[in-house]
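First up is the structure itself, then whatever we jot down about it.
Only the coordinates and a few stated rules stand behind these numbers; no lab work does. Since the structure is predicted, the reported quantities are computational estimates derived from the model, not experimental observations. A quick note on method: Cβ atoms are made from the backbone with ideal geometry, for glycine too, and the neighbour counts reach across all protein chains shown.
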């Protein structure tokens, strides 16, 4: 998923406190989360293209239609810089051995009244019966509560076009 700087309004206050140590990642027996970087471009591109129908099911038509490897590199560079600047946090979801990208988790300042963070995620549907996306939602919800400084994060409903 890509949010361009033109379509996203930055909050006037810091997203996370200056003294908050942003988690480098998270690991379970089924997947690992770590910062999404430009070094993930090829595996991420393959996962996004392979998941296009599922991404449309989640957020409606649009992205990633027409996505090229070069455009993906630009998006990943933007996500990486935003993470380093502590403005938003994009994590890649990879297999424990890092051989495959399994999805992504995006944490953004909220534009929804009463919420302080919006969290979007998707998981590759190579085996829809695996329950990976459901597991990812459960793990991320617990992780947000236990680790992050947010008072009221939200996972907005799917079938909503993400800006």
Legend entry - Separation of the residue 113 and residue 100 label points, Cα + 7 Å toward Cβ, nm: 4.4
Inset, instruction - Please work out how much length the chain gains when fully extended from residue 85 to residue 56, using 0.36 nm per residue of separation minus the C-alpha to C-alpha distance, in nm with one decimal. - result: 7.5 nm
Legend entry - Mean Cβ neighbour count within 10 Å, used as a protection proxy, ranking 18-27, 94-103, 143-152 highest first: 94-103, 143-152, 18-27
Legend entry - Inter-probe distance in nm under a simple model that places probes 7 Å from Cα toward Cβ, at residue 134 and residue 147: 2.3
Inset, instruction - Match the structure shown to one of the listed values (1) 10.8; (2) 15.8; (3) 9.2 of mean projected area of the Cα convex hull in nm², computed from it, and give that label. - result: (3)
Legend entry - Extension gain from residue 69 to residue 34, taking 0.36 nm per residue of separation minus the Cα-Cα distance: 10.5 nm
